[in-house]
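Following: one structure in structure tokens, then a few remarks.
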Amino acid sequence: MADNNATLTADGKDYQLPIIKGTLGRPVIDIAALQDSGFWSYDPGFKVTAPVESKITFIDGGKGELLYRGYPIDQLANSAEYLEVAYALVHGELPNAEQKADFYEKVRKHAGVHDQLRKFFEGFRRDAHPMAIMVGVVGALSAFYHEGLDVSEELHREITAIRLIAKMPTLAAMSYKYSQGEPFMYPRNDFNYAENFLYMMFATPADVDYKVDPVISKAMDKIFTLHADHEQNASTSTVRLAGSTGANPYACIAAGIAALWGPSHGGANEAVLEMLDEIGTVENVPEFMEKVKSREVKLMGFGHRVYKNFDPRAQVMKETCDEVLSALGINDPKLELAMALEKIALEDPFFIERNLYPNVDFYSGIILKAIGIPTSMFTVIFSLARTSGWISHWLEMHSAPFKIGRPRQLYTGETHRDFVKIEDRK
Ligand code: SDX
């Protein structure tokens with residue numbers, strides 16, 4: 001609903017651009033009128049562009065506030081299970097007891113994968129990065145669920161969401177087991193979502209009475225919740241853009257996994273551990289910080305496009321980190337090093353002037369390492385958790401008419417060239 005207008009004057013002509021207010025956050029300026037102006041808007045990196053309207057997640061970067069469907073992230077992470085949060089992202093609010101039981105049963109029923117899918121894993125080298133495997137096998141689900149999949153049917157869309165949320169832990173654990181040369185494990189009915197993931201990751205067929213440490217499974221579930229959604233981030237925007245072409249939803253999620261892999265995005269948690277390994281000891285921190293300030297390297301796990309204050313997820317992650325390390329009796333020198341880095345960065349003008357604070361990835365890597373998750377699996381876990389967010393945005397897009405995303409450009413290439421035969425080219 002337009003409340004008033006912004007006036008743009010270009011080439012001597014005034015354009016009245018409607019200002020539209022949401023329920024929270026910055027109003028937007030609808031620039032559709034530029035269509036007839038002879039201009040395009042220009043915003044590399046989409047720093048000031050809102051390509052969609054959404055009701056799913058709200059972030060206030062200045063306040064360090066994150067809401068999923070209006071619920072504050074710290075309350076969800078500390079008081080709800082991940083699957084309840086996934087239900088809220090998909091359906092709009094937390095489930096009641098009956099809705100929860102029904103959703104959990106559907107997820108349990110769809111947690112297995114077609115046995116033929118195992119053959120996709122065999123095409124990869126054993127040392128393939130598990131994210132490369134995930135991009136492949138999740139995209140391959142579109143080969144199993146394509147015929148008869150009619151995304152214009154709400155029920156088809158809903159079962160797709162359930163299948164993806166249900167199967168990601170199974171596929172993620174399979175990508176790890178394959179790299180270890182160990183047999184795949186399948187989900188058990190007596191384990192919850194996080195317990196099943198840890199079971200499929202670390203149990204073997206010989207572990208007939210495998211037990212999951214409740215401290216670890218609760219931390220895992222919390223990590224899933226903290227990574228579940230985050231507004232129009234790079235990978236979610238990728239899912240939406242792929243979805244806007246009408247592409248198969250499993251292929252859209254595979255595109256999101258590919259985008260998340262980058263070290264500037266979901267790959268940062270893996271990069272944080274690599275950075276801590278490179279620094280080695282607290283004594284080396286000042287020298288490393290000089291490399292950061294001279295822009296030779298970035299301080300991985302710090303900074304954020306939206307949060308110019310603390311990342312609320314990092315606060316919860318830090319508390320979880322302390323809980324897990326003390327419960328497991330681990331005195332991880334990496335955590336001490338991380339704390340030293342954080343202290344120095346939070347007091348250093350270089351970081352303060354640039355609003356660089358620890359983000360969600362800074363602590364998640366340390367917890368995952370403490371749980372025994374290999375570094376190469378960190379972003380896989382991020383993609384597992386983010387699937388509920390990705391598919392919620394895909395569902396939201398399909399819940400109303402939409403157009404294919406087709407940005408324009410500022411062209412600065414050659415203006416005109418005559419064709420020259422190969423023999424005449426210099
Ligand atoms: C995630 O978008 C999301 O919501 C993502 C995410 C999600 O849940 O989906 O939150 C998950 O991706 C978290 C971010 C994980 N990435 C990292 O931790 C990698 C390290 N961080 C940076 O690469 C960077 O901070 C970004 C990419 C996260 C944000 O970059 P921006 O917003 O484009 O900021 P910028 O590059 O314009 O930087 C502004 C200034 C620059 O300094 P100047 O050159 O202007 O002097 O800050 C500097 C940058 O050089 N800077 C850093 C830095 N991040 C920014 N300097 C050192 N270390 C860093 N980490």
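Considering only residues in segment 171-185 that are touching a residue at least 40 places away in the same chain (Cβ under 8 Å) and part of a loop (DSSP other than H, G, I, E, B), the one that is nearest to Ser383 (Cα to Cα) turns out to be Phe184. In segment 222-248, the residues that are more than 26 Å from Thr320 (Cα to Cα) and not assigned by TED's automatic domain parsing to the domain that holds Val151 form no Cβ pair under 8 Å with any partner that is open to solvent by less than 30 Å² (accessible area, probe 1.4 Å) and of a type outside the set (Lys, Arg), whether six or more places apart or across chains. Cβ-Cβ distances below 6 Å connect the following pairs, each with a first residue in segment 302-323 that is more than 18 Å from Glu347 (Cβ to Cβ), a second residue that is more than 8 Å from the ligand (Cβ to nearest atom) and open to solvent by 50 Å² or more (accessible area, probe 1.4 Å), and a separation of six or more residues or different chains: Val316/Asp74.
If you check Glu93, Glu81, which single one turns out to be crowded, with 17+ Cβ neighbours inside 10 Å and among the charged types (D, E, K, R)? Quick ask: steps written out before the conclusion?
Working: Glu93 fails: crowded, with 17+ Cβ neighbours inside 10 Å.
So the residue among Glu93, Glu81 that is crowded, with 17+ Cβ neighbours inside 10 Å and among the charged types (D, E, K, R) is Glu81.
Could you check segment 386-404 and list, in sequence order, the residues that are open to solvent by 30 Å² or more (accessible area, probe 1.4 Å) and not hydrophobic (A, V, I, L, M, F, W, C)? It would help to see each step written out before you state the result.
Quick first cut of segment 386-404, residues open to solvent by 30 Å² or more (accessible area, probe 1.4 Å) only: 396, 399-404.
Listed by number, the residues that qualify are Glu396, Ser399, Pro401, Lys403.
In this structure, Ser383 does satisfy being surrounded by 10 or more Cβ atoms within 10 Å (Cβ to Cβ), under 30 Å from Leu155 (Cβ atoms) and of a type in the set (S, T, N, Q). Kindly indicate whether any position in segment 10-24 is of a type in the set (Gly, Ala, Ser), part of a strand (DSSP E or B) and outside the structural domain of Tyr199 (by TED's automatic domain parsing). Yes. Restricting the search to helices (runs of 4 or more DSSP H) fully inside segment 189-251 and requiring at least 1 residues that are surrounded by fewer than 20 Cβ atoms within 10 Å (Cβ to Cβ), within 16 Å of the ligand (Cβ to nearest atom) and at pLDDT 95 or above gives 234-243. Conditions: (1) surrounded by 24 or more Cβ atoms within 10 Å (Cβ to Cβ); (2) away from the ligand (no atom under 13 Å from the Cβ). Ile279 meets all but one. Number of the miss? So Ile279 meets the others, but not (1). Within segment 303-329, restricting attention to residues that are within 15 Å of the chain's Cα centre (by Cα) and not acidic (Asp, Glu), the residue that is nearest to the ligand (Cβ to nearest atom) is Arg305.
Quick check on my filter: what residues within segment 122-135 are open to solvent by 30 Å² or more (accessible area, probe 1.4 Å) and part of a helix (DSSP H, G or I)?
Residues of segment 122-135 open to solvent by 30 Å² or more (accessible area, probe 1.4 Å): 122-127, 129, 132, 135.
The answer is Glu122, Ala132, Val135.
Here Lys426 does not qualify as away from the ligand (no atom under 12 Å from the Cβ), more than 26 Å from Gly61 (Cα to Cα) and assigned to a helix (DSSP H, G or I). Restricting segment 258-270 to residues that are out of contact with any Phe, Trp or Tyr (no Cβ under 9 Å at 6 or more places or on another chain) and assigned to a helix (DSSP H, G or I) leaves a set whose member that is surrounded by the most Cβ atoms within 10 Å (Cβ to Cβ) is Ala259.
The values are calculated or read from the model by the stated rules, or taken from the named source; none is laboratory data. Since the structure is predicted, the reported quantities are computational estimates derived from the model, not experimental observations. Using ideal geometry, Cβ is built from the backbone for each residue, glycine included, and neighbour counts are taken over all protein chains shown. Calculation scope for accessible area: heavy atoms of the full protein, side chains included, ligands and nucleic acids excluded. Shrake-Rupley method; radii C 1.70, N 1.55, O 1.52, S 1.80 Å.
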